[in-house]
Structure formats: C-alpha cells, structure tokens
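To keep things clear, I will list the structure first and then write my remarks on it.
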Amino acid sequence: MAKVIIGDVTGTADITTSDASFVTTANLKELSSTTTQFVAGLSVSVQDTAFQAATLGAVFQSPKIPLDQKQSLVIKAGVNSTLTRYTAKDEALLGTDATVPKIEIGSGETWLAFGLDSTLEVTGTESVASGFGVSLKFGSTVKLRGYSLFLAAAAPRTTLGEAIGTTLSDFGLLASAEEIRRQKPGTVRSADICGTATVSGTYSLPIGVNQLALAESIVPFKFTVNPALGLKVGGSVAITGEFSSVCWRKSETEIVLALLKKKGSTLTATFTASAGLGASVGSGDLIEAFFNAVAPGIDLASSGLAKGDPRYKAINDVLTDSISRVFTVSLNAACAASLSDQAALIYAIDLPPAVDAAKTAETDKALDAALGGDWSLLTKLGNARKLRNVVENTQENKFTLSLNLLGLFNYESVQDFIRDSTIVRDDENASVTITDTATAKRITVASTPYLAAADRLRTVLHEAEVATAAYKLVGGKLSRDFEMKQSMLIYKAKMSTADLRKELRLAVLIGELAEAQLDAIPMVNPRHVLIDASQTLDNDHLMRIFFADSVAKRGHTVEELEWLARRTLAALLDPTNTVDAKRIAVLNDDTIWHGMDENGGKPPGNSPASYSDWYDVTFWTNAIYRIAKPLKAAIEAFEQIPAGSDPSEDQSFMRKRDALKKAIGEVTHETQAAFEPGWPIAVMYALAGAATGATLKAMWNGDQHVPWQQAPVLGAPAAPAKVLAAGEARK
C-alpha cells in the first residue's frame, strides 16, 4: 500500500492508497489545505464528522502524466483539488434535475468525492478520442471527480481518514472500457471537459411549408404542393460544447454512462448526411430527401436539378447548415436549465461476463468509441438501453424547420419553379427560402449570396403574404383547397426579461395568454428562448381581411383599417418600456396621428420611433384598402367564367386580373422592415375576426411556459377581445 501525506494548517497525517490506483501510479505525494482544518478529525467516522468540504493543493512527482502517444494530463499548479462530503440532506449526488442519472442519497449513506483540476494536452492538429466521452482538438481543461459510497451500517464504521484513502484509491479516469471494468461497483467517476460527441441515425424533423405568391404570380394558381409533415434525414450529428461525462458503476454487471451538458453553456450541432442516406430514407442524397418532403414525387432530373448542376453543391451546403441549426436550437431548448447540468445522452449497459468473449468484445468496442466521442455504436448494442438521447428527440422538442416557397405561383409547375430557383437560409431561425434569383438578391447581400439578411427577408415575406392572401381568393379549385399559412419563429440563446415579455405580447393578443398570466410567468435569466407562432387562413378568413361585408364584397374604410392597425400594434408593445410607452401614446392619440398624416409621417420630437409605426400602419392600411376594389372585380369576373373554361381565354377576367396584379405590385413594394416580429400574424388575426386558430408556443430554460401550464388566472379581457370589441363600438 502507498502513502500520501495530507495536511492542513494544524499538521499532517498519512493516508493509505491502493498500489494499483491512479493516484499511486501517477505518484501523488501530498494533499494540503491552507484554509480548512480537518486533519485532527481524521479518526472520526465519516458519518459523524463535521467536515463538509476542502480545497487542496495536490502535489505529484511530475505534473505531466502521459496517457498515450498523443495525450498527456497536466495537473494544475497550486490549489487544484477538492474533497467534498455528501449526505442525505443533499438529496441526490448528481443533482435533482429529472434528466440526470438518479443517485439518491439515503439515510445512513455518505458519499465522499475527490476532484482534480487538470489540462488535457493533445499533440498534432487532428481530432483525437479523449477517453472522457468526447473527441477534441488542441486539448481542454478537465475537472476529474471520483465519488465513493460509505454506509453507516458498516462495522466498524469507516473513519474520515480511511474514507479519504478509499476515495483516492477509487479515483480514476474514463479512458477505456478496460478502465470501466476495473471501476469498483458503487462508485461514480466524472470528467468536465469541452469537446465533441457524435451520434448517428435517422431523424425526422418537423417541417412547415409556406407557399407564397409574388406580385407577378399566375392567377388563378396552376398548382399547389402537398408537403410531408416531416423531413427524414440520415447521418451524424456532432454536438460540441461543455460537458460532464459520467460513469456510474451501478453494480458488478451494470453501468450507467452519461454525457451531461454543463449548466449555463450552449451547444453547437453540426449535421453530416451519411453516404448511405438512400438506404434509410428512400432517396439518393440530402437534396432528394428535402425536395421529396417539400413536393412528394418530384423528379429532380426533369426539374433541371441534376447532380451536375452548378447549384447542387451550394443547395446541399445551405440545407446542411440549416439542418445543423435546427439541431442546435432543438438541443439547447431541450437542455436549457440555467441552475443545473442536464443530460444529453444516457445509456444503461449490461456488462457481459468475461466468458462471453464475442459479447464482451462488442460491448468494449462500443464503450471505447463512446469514451472517444462517438456514441453511435451504443444505439446498436443489444445490451445497452437508451435512457435519454436529445438528438433523437428533435421532433418532441417541437422545433419546426420553416420552408418558404417564395414565388411558387409565378410558374406553371413546381418543376419549372425549381428549375429557375436558388436557395437561401436564415441563420436566425434556421428557415430555408426557395425563390428565383432576382428575389434572392433582394433578401441577401452580395458577399453572402446564400445567407438571408433577416430584415430584408421579413420585408419580402410580408409582401408575399399580402399578395398570396389576395390571389388565393381569385378562385380555381386548387386555390380553394390551399390554405395560406403564416409563421413566426424566434430563437435566442440569451434574451432579456423585458424583450421576452414583449415578444410574448403576441400570445396575449391571439388569446393564448391573459394579461395576468403573462405577468405571472417566471422570466428570470431566460436562456435558449424558443417562440413558435403560426396561423392558417382559409377563404373565409381572407374574405374578412379584405372585405367588411364578405357577401357584398364591400371593402373596409381607410379609417377602420388604420384604427385597427394602430390598436393592434399598440397591443404588441411593452408599456413598461420608456420608448414603447411613447409609441403607444402616439398610436392611441388621434390628434397626434393625424398630424403625422399631414406632415408625411414626421413624428413628435419625444418619440422618433413613431415614424416607423406610422409607415407600417399606413402601408398596411393602403395595401388592404387599395387591393379590395380590384380584388372584388377579379373575383366576380372569375365567378362568371363557365365551368370547365380556361380563365386565361376570358378577356374580361384577364383585364381585371391584370388590374389586381398592378395594384398588388404597387402596394407591396412600399414595405419596410421596421415592424414588430409578431405584427404580420397579429394584424391578420385581428382583421380576420380572431378566429384563425392561431397558436404560440414558447419555452426557455428547458421548460415550456406557453401555452399556460398552470391553473386559470382571472384577469382583464385578452387584447384581441378588447381591440375587436372597441372596433365594433367605433363603427
């Protein structure tokens, strides 16, 4: 048995450790503390001692400990280690979060943990298998911990000194399956480290497809698409971040291996489509899988998007980046607790007996791969049970990949659309937009032709929603079956409480929350905020948007539209914010507002932001008002066309259709991008009569908060009810 000197300011003592232990083979010589006095109490039982924790300086014969040809563990100088005692009052060894391995501390049980601060040094520039659950480049700081259990029922009781010796002897690395097999049953080992863990499989990503018209669309629409509900992709997902790798030797024959995301950290996911994607999802590659989800049955070759097309690689890269972003958002939303570590991956593994050589070899291969950062083999191991895999839970986490088919109805067929289109991604919300080259230039900048400028994209999508709403009403059996969708997706790794509260005002306006419920929701230090709102507008909704009397097709007056737009925008603003409070006051003041009308939108000196409000309200009001009259004429002309006739052969309809297209073209190019994110959904919802079935889901810090999860809270009427009721009274 080896000896380690342990000391504090009062003196020193010898601690006995196993000859085969890591601390002995690494030549640990001394542990000393300058802040905590505990040496005098080493003879007291570990259950009865008053000792709770100590920080120490661990001295090794050499601070650099080689692990293999490429890696060395370098022990931090100075104060570099800890001793921590856990009892039943601590409840659970690894924390109380529901996702982590549950190791409850019962009455009469005491755990002692030894922690060691170090750095893993890596030679070369290639990624290496760390042996701590991740792969990495260039090294990482590593916090090693070992936990040992002591029972009060043991006779004789273990002293604190003996417990420290046992804990040091049990302490070890997570370097290999061989190390795990040597780990003593009932102990836990962990390593805090930065790196990458990879999982592989076939994943189903929820998708939402928005079919959108531009001003130049063919009317009536020649076709619509019937997209799938999800996109199936096969490949690997590499998760990079700050982790805690944990191995709990639960018994002689079972271990629990877990990878926990460190609290307060952010993960980054990178998706790589596998070469064998076709075998798992029924298509040749990522592009085919994507387009077959958007437009099932499409023949890409006849659409001009063959593998030799110069757009092919660019489209593949955009899709890969967007899917990576979807996984990033989804993983962070699933592991977003700010006060505790949360499990990303957990597997319970039965260790086969040594006599079963084949099974042992298969198990050890999977364990070695996982410890090196590739957890994929564990998913295929028959004696491994998946307890949690957040990558596979992407669909459960409700993050939707939004796809905008922008300008789809400018074409005779979906094949023609794809032939002339390019693809653009929005890095803020992972959405993908397929559109013609000219429109793509409107929503990007020259230096990044495949990356949307978020404000430009919002502008063009808002224009397209107005055009789509009008054109849908012009008729044709396809457009009658086709429902127009609006969506808003916001993801922020960090968001202020004030900004979150403001974004959630849309939930109040569409009736998902009452004002009192919004005030009651806890919003302390929101992290990984995900807000997903949408609504579907059918013909009845759209008729109410453009016409005050949908039977007679009588349009709204300018005054009605402007008033509703002002009140709706005011309902989205935060009255506790100084700037927003001034904007609200201007929106609600008829005298000031009409003064802005007379002065080209010049705002009052104390509220310069009101110019943008005036512009947005005025644009939207004029758009709906000016479209209504030619829209009525086009609808009525279409209704006069004999059944089975080609509308394009009817000169009266074509003249009125062209007048409608001219009006839409004029008003939709007057937009700007200063409007609130929730404005397009909110104003259409209010004008449609608040009966669209609009929904909003919001989660942060790992929990879903909207829709409201608690008992009803009585409060004032929801914002839409107040806006609409006041509007009726105003008529």
### Query
List pairs: first in segment 158-180 and in contact (Cβ under 8 Å) with a residue 24 or more places away in the chain, second charged (D, E, K, R), Cβ under 7 Å, 6+ apart or cross-chain?
Asp170/Lys184; Gly172/Glu179; Gly172/Arg189; Leu173/Glu179; Leu174/Arg189; Ser176/Asp368; Ala177/Asp364; Ala177/Asp368
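Does Thr621 satisfy the criteria of being among the hydroxyl-bearing types (Ser, Thr, Tyr), in contact (Cβ under 8 Å) with a residue 60 or more places away in the chain and touching a helix residue (DSSP H, G or I) at 6+ places or on another chain (Cβ under 6 Å)?
Details: among the hydroxyl-bearing types (Ser, Thr, Tyr): yes; in contact (Cβ under 8 Å) with a residue 60 or more places away in the chain: yes; touching a helix residue (DSSP H, G or I) at 6+ places or on another chain (Cβ under 6 Å): yes.
The answer is yes for Thr621.
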### Query
When segment 136-163 is examined, which residues are found to be among the polar types (S, T, N, Q) and within 17 Å of Leu120 (Cα to Cα)?
Ser140, Thr141
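Being β-branched (Val, Ile, Thr) and surrounded by fewer than 18 Cβ atoms within 10 Å (Cβ to Cβ) is the filter; apply it to segment 33-48 and report the residue that is nearest to Ile15 (Cα to Cα).
Quick first cut of segment 33-48, residues β-branched (Val, Ile, Thr) only: 34-36, 39, 44, 46.
Now narrow it down to the ones that are surrounded by fewer than 18 Cβ atoms within 10 Å (Cβ to Cβ): 34-36, 44.
Details: Thr34: 18, Thr35: 19, Thr36: 17, Val44: 14 Å.
Here the answer is Val44.
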### Message
Every residue in segment 102-151 that is of a type in the set (A, V, I, L, M, F, W, C) and modelled with pLDDT under 90, please.
### Response
Val122, Val128, Ala129, Leu136, Phe138
### Query
Residue check, Asp420 against (1) surrounded by fewer than 17 Cβ atoms within 10 Å (Cβ to Cβ); (2) in contact with a strand residue (DSSP E or B) (Cβ under 8 Å, 6 or more places away or on another chain); (3) at pLDDT 95 or above, all met but one. Which one?
(3)
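When you go through Glu412, Glu465 one by one, which is the residue that is of a type in the set (Asp, Glu), modelled with pLDDT of 90 or more and not assigned by TED's automatic domain parsing to the domain that holds Thr320?
Details: Glu412 fails: not assigned by TED's automatic domain parsing to the domain that holds Thr320.
Of Glu412, Glu465, the one residue that is of a type in the set (Asp, Glu), modelled with pLDDT of 90 or more and not assigned by TED's automatic domain parsing to the domain that holds Thr320 is Glu465.
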#### Entry: Single residue of Ala674, Ala623 found to be among the small types (Gly, Ala, Ser), modelled with pLDDT under 95, buried (at least 21 other Cβ atoms within 10 Å of the Cβ) and in the same structural domain as Thr459 (by TED's automatic domain parsing)
Ala623
### Query
Mind checking which pairs have a first residue in segment 126-140 that is within 8 Å of Gly373 (Cβ to Cβ) and of a type in the set (S, T, N, Q) and a second that is at pLDDT below 80 and assigned to a strand (DSSP E or B), Cβ under 6 Å, 6 or more apart or different chains?
Ser135/Ala129
### Failed criterion for Ala633 (all others in (1) in a helix (DSSP H, G or I); (2) modelled with pLDDT under 95 hold)
(2)
### Summary
From the option list Ala493, Ala469, Ala498, single residue qualifying as under 24 Å from Val432 (Cα atoms) and in contact with a Ser or Thr (Cβ under 8 Å, 6 or more places away or on another chain) is Ala493
### Message
If I ask for residues that are within 18 Å of Val142 (Cβ to Cβ), of a type outside the set (Gly, Ala, Ser) and not in a strand (DSSP E or B), which ones from segment 234-272 would you list?
### Response
Lys262, Lys263
### Task
For segment 114-149, name all the residues that are within 23 Å of Ala58 (Cβ to Cβ), of a type in the set (Phe, Trp, Tyr) and over 27 Å from the mean Cα position of the chain (by Cα).
Phe114, Tyr147
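Which of the helices (runs of 4 or more DSSP H) contained wholly in segment 286-389 include at least 2 residues that are closer than 27 Å to Gly139 by Cβ and in contact (Cβ under 8 Å) with a residue 60 or more places away in the chain? Explain how you work it out, then say what you get.
On the way: elements: 286-294, 311-334, 357-371, 376-380.
Result: 311-334, 357-371, 376-380.
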### Task
List every residue pair whose Cβ atoms lie under 9 Å apart, where the two residues are 6 or more positions apart in sequence or sit on different chains, the first residue falls within segment 511-536 and is assigned by TED's automatic domain parsing to the domain that holds Thr692 and of a type in the set (Asp, Glu), and the second residue, located anywhere, is in a helix (DSSP H, G or I) and crowded, with 20+ Cβ neighbours inside 10 Å.
Glu512/Leu506; Glu515/Val508; Glu515/Ala719
### Task
For Gly264, work out the one condition from (1) closer than 30 Å to Trp700 by Cβ; (2) at pLDDT 90 or above it doesn't fulfil.
(2)
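The values are calculated or read from the model by the stated rules, or taken from the named source; none is laboratory data. Computed from a predicted structure; not experimentally measured. Virtual Cβ from ideal backbone geometry, glycine too; neighbours counted across all protein chains shown.
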